[in-house]
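The values are calculated or read from the model by the stated rules, or taken from the named source; none is laboratory data. Keep in mind that this is a model prediction, so the values were computed, not measured. Cβ sites come from the backbone with ideal geometry, for glycine too, and all protein chains shown count toward neighbours.
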Amino acid sequence: MGKLHVETPAISSPSLTKLCGREVYLKLENLQPSGSFKLRGIGHLCEEARAAGCTEVVSSSGGNAGLAAAYAARSLQMSCTVFTPRSTPAMVVDKLRAEGADVQIVGKNWNEANEVAVERAKRPGCCFVHPYEHPTTWTGHSTLVTELQRQLPERPAAVLLSVGGGGLANGVIEGLHRVGWDDVPVVAAETEGADCFSKALEAGKPVSLPDITSLAKSLGALQVSSRLFESAQTRPVFSVVVSDRQAVEACTRLAEDHRLLVEPACGAALAPLYYGLLPAEVAARPGPLAVVVCGGSGVTPQMLIQWQQMTAA
Amino acid sequence: MGKLHVETPAILSPSLTKLCGREVYLKLENLQPSGSFKLRGIGHLCEEARAAGCTEVVSSSGGNAGLAAAYAARSLQMSCTVFTPRSTPAMVVDKLRAEGADVQIVGKNWNEANEVAVERAKRPGCCFVHPYEHPTTWTGHSSLVTELQRQLPERPAAVLLSVGGGGLANGVIEGLHRVGWDDVPVVAAETQGADCFSKALEAGKPVSLPDITSLAKSLGALQVSSRLFESAQTRPVYSVVVSDRQAVEACTRLAEEHRLLVEPACGAALAPLYSSLLPAEVAARPGPLAVVVCGGSGVTPQMLIQWQEMTAA
């Protein structure tokens, strides 16, 4: 596998280690050149597409998946077209265009934009990049665990990560399997109002949320990947749902302790530690904790302060 | 040399590379466990002190050097006493105490606090840690360049860094010598009102500033290290002085483009790129640019916004 993504550091967090009474490592996917872990899987997908003769990458993500697709396409000298709904913030559209993508504003929500994208991708030479639901993407994400195995001093007690559609979780689970860590639990964090995985576990099958009501828009998948639901039946995956306020507070703490700015979708994975929400079965296991700081470009100092104000009691 | 510091990544910055028309690498010293590059040199100094039988580290820095000293002392199971003037912000005192330091508030300015610290360090078992003026500290900082040589694809056109007292510059120059890069220029950035190196070059010798009037307090040394002044006579060192506004603007750009929060003292090293102040002789050289993102703990999202307001035209 070629490499559009970079190997990211796994830093020991003095503040979280002190708070948790055990070593906590932060896998800094926020340092990926596209701004989030998405470049691992989407980069891999685009490389395979190019090898198969594709010349245009098509995305329906006005978010971190779109940015990863644009970055990957430019690196591979392919064109990139992003279809995104009218609700997409201007800052995101600007970032996509700065990355070289041809951004088409269509439709009033993601589903409408996605329909246009899927149609476009049927043209010869086009490759459709789903934001999370593709096995090749999961394989690309799994490189994160290969690096972690080299970087951690020992097998971790658990890997904490955020779940939107479940692409990251699928990739991490695949990676854990590859390095012989099938027994290492995954703590899958979501926010209230963007908790399709938790709802699937409750229902006994993947179900569709009626809407996304969390401010963590990057977790905004209505239905979880079936693959993640299936994995949770056969290997340890713990669901933790946090409030928007807890996710934003985690972002605030990370900014104070490490001077890193992340989206609430990313803060959700840290919230279990800041709020003592680690499942007892995980807390009882020996070893350090590893948290995937998934990153995300949709955050500025001003936005963090606004979220703090929005979620204040 | 043992290792209290960590090897930091040198990431390629897509945005700065696009802006400068050449590859720009950011050496992320903000990821050091104490929050800044200072841990390299001060960690090394404390290790040597411990090996020589010292049990107490004494510092007069209510800043990043103090934090590095406290972190190093705790890691080496030594005690740490920090003498700092009444003007030290409460947030900094809290961080030092959280790091396990015994913080003594004495005097109305750094000179008075430093006198008490120097006196204290005469006690048996005590080691005085000067924030920047010690050859052992420079040797510790030089490890940064050893890493860079492995990380960069080729010899850089220049290394950009911030100068307060000159300790970082001394260490980088020592490291450049050790790896055979004596001809690689150092671009020494300061802010107006904390520009003791620039003033020394003007005067033909190190001179003392009457006061620090820049808001980049971490650059607040009244007189530059003689070693740096001497080095500038025999190997390429370029002085660039930026305004507080340009330094803060660089912090804002870094937060937008990389979601990293740094102090204005750190932003100063990026300002030559964002404000097109790279010396012509450097711009004419082939190779990538390497910028030391020195870090620093004295920044929060709110503080950055306040600095933006303070320096708005």
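One residue is enough: does segment B:238-261 have a residue meeting the conditions more than 14 Å from chain A (Cβ to nearest Cβ), surrounded by fewer than 21 Cβ atoms within 10 Å (Cβ to Cβ) and closer than 21 Å to B:Val172 by Cα? Yes: segment B:238-261 contains one or more residues that are more than 14 Å from chain A (Cβ to nearest Cβ), surrounded by fewer than 21 Cβ atoms within 10 Å (Cβ to Cβ) and closer than 21 Å to B:Val172 by Cα. Residue selection: A:Ala70 satisfies the criterion of being at pLDDT 95 or above and closer than 22 Å to A:Val299 by Cβ. Residues in segment A:296-313 that are assigned to a loop (DSSP other than H, G, I, E, B) and either closer than 27 Å to A:Glu7 by Cα or in contact with a strand residue (DSSP E or B) (Cβ under 8 Å, 6 or more places away or on another chain) (or both): 5 in all.
Just checking, does segment A:77-84 include any residue being exposed (fewer than 15 other Cβ atoms within 10 Å of the Cβ) and either touching a strand residue (DSSP E or B) at 6+ places or on another chain (Cβ under 8 Å) or within 15 Å of A:Gly298 (Cβ to Cβ) (or both)? Among the residues of segment A:77-84, not one is exposed (fewer than 15 other Cβ atoms within 10 Å of the Cβ) and either touching a strand residue (DSSP E or B) at 6+ places or on another chain (Cβ under 8 Å) or within 15 Å of A:Gly298 (Cβ to Cβ) (or both), which makes the answer no. Residue-level analysis places A:Thr146 outside the set of residues that are over 28 Å from A:Val242 (Cα atoms), at pLDDT 95 or above, among the polar types (S, T, N, Q) and in contact with a Leu (Cβ under 9 Å, 6 or more places away or on another chain). On the stretch given as segment B:296-313, residues that are within 11 Å of chain A (Cβ to nearest Cβ), hydroxyl-bearing (Ser, Thr, Tyr) and over 30 Å from B:Pro156 (Cα atoms) total 1. Figure legend. Inter-residue proximity from segment A:55-71: first residues within 14 Å of chain B (Cβ to nearest Cβ), second residues crowded, with 24+ Cβ neighbours inside 10 Å and of a type in the set (A, V, I, L, M), beta-carbon distance below 7 Å, spacing 6+ or different chains. Indicated pairs: A:Leu67/A:Leu96; A:Ala68/A:Leu39; A:Ala68/A:Ile42; A:Ala70/A:Val82; A:Ala70/A:Leu96; A:Ala70/A:Ala101; A:Tyr71/A:Leu39. Look at (1) touching a residue at least 60 places away in the same chain (Cβ under 8 Å); (2) over 30 Å from B:Leu277 (Cα atoms); (3) surrounded by fewer than 24 Cβ atoms within 10 Å (Cβ to Cβ); (4) touching a strand residue (DSSP E or B) at 6+ places or on another chain (Cβ under 9 Å) and you find that B:Pro33 fails only one, number (1). Output yes when any residue across segment B:288-302 is surrounded by fewer than 16 Cβ atoms within 10 Å (Cβ to Cβ), farther than 23 Å from A:Arg253 by Cα and touching a residue at least 12 places away in the same chain (Cβ under 8 Å), and no when none is. No: segment B:288-302 contains no residue that is surrounded by fewer than 16 Cβ atoms within 10 Å (Cβ to Cβ), farther than 23 Å from A:Arg253 by Cα and touching a residue at least 12 places away in the same chain (Cβ under 8 Å).
Could you list, in sequence order, all residues of segment B:215-247 that are more than 16 Å from the chain's Cα centre (by Cα), of a type outside the set (Gly, Ala, Ser) and more than 17 Å from B:Leu160 (Cβ to Cβ)? The answer is B:Phe229, B:Glu230, B:Gln233, B:Thr234, B:Asp244, B:Arg245. Can you confirm whether segment A:272-295 contains a residue that is within 14 Å of chain B (Cβ to nearest Cβ), within 25 Å of B:Gly35 (Cβ to Cβ) and either assigned to a loop (DSSP other than H, G, I, E, B) or out of contact with any strand residue (DSSP E or B) (no Cβ under 9 Å at 6 or more places or on another chain) (or both)? Looking through segment A:272-295, at least one residue is within 14 Å of chain B (Cβ to nearest Cβ), within 25 Å of B:Gly35 (Cβ to Cβ) and either assigned to a loop (DSSP other than H, G, I, E, B) or out of contact with any strand residue (DSSP E or B) (no Cβ under 9 Å at 6 or more places or on another chain) (or both). Which one is modelled with the highest pLDDT, of the residues in segment B:1-14 that are more than 19 Å from the chain's Cα centre (by Cα) and more than 8 Å from chain A (Cβ to nearest Cβ)? The selected residue is B:Ser13.
Quick grid of which residues meet (1) touching a His at 6+ places or on another chain (Cβ under 9 Å); (2) of a type outside the set (A, V, I, L, M, F, W, C):
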{"residue": "B:Thr137", "(1), (2)": "yes, yes"}
{"residue": "B:Thr146", "(1), (2)": "no, yes"}
{"residue": "B:Glu154", "(1), (2)": "no, yes"}
{"residue": "B:Val163", "(1), (2)": "no, no"}
{"residue": "B:Gly167", "(1), (2)": "yes, yes"}
{"residue": "B:Asn170", "(1), (2)": "yes, yes"}
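The single residue among A:Leu39, A:Leu28, A:Leu19 that is surrounded by 18 or more Cβ atoms within 10 Å (Cβ to Cβ) and within 23 Å of A:Leu289 (Cβ to Cβ) turns out to be A:Leu28.
Highlighted here are the helices (runs of 4 or more DSSP H) found entirely within segment A:23-106 that include at least 3 residues which are in contact with a Ser or Thr (Cβ under 6 Å, 6 or more places away or on another chain): A:38-51, A:64-75. In summary, A:Met91 fulfils each of the numbered conditions (1) under 19 Å from the mean Cα position of the chain (by Cα); (2) within 14 Å of chain B (Cβ to nearest Cβ) with the single exception of condition (1). Need at least 1 residues that are of a type outside the set (A, V, I, L, M, F, W, C), in contact (Cβ under 8 Å) with a residue 12 or more places away in the chain and closer than 24 Å to A:Leu277 by Cα per element, so show me which helices (runs of 4 or more DSSP H) inside segment A:141-251 make the cut, counting only ones lying wholly within it. Passing ranges, in order: A:167-178, A:196-203, A:226-234.
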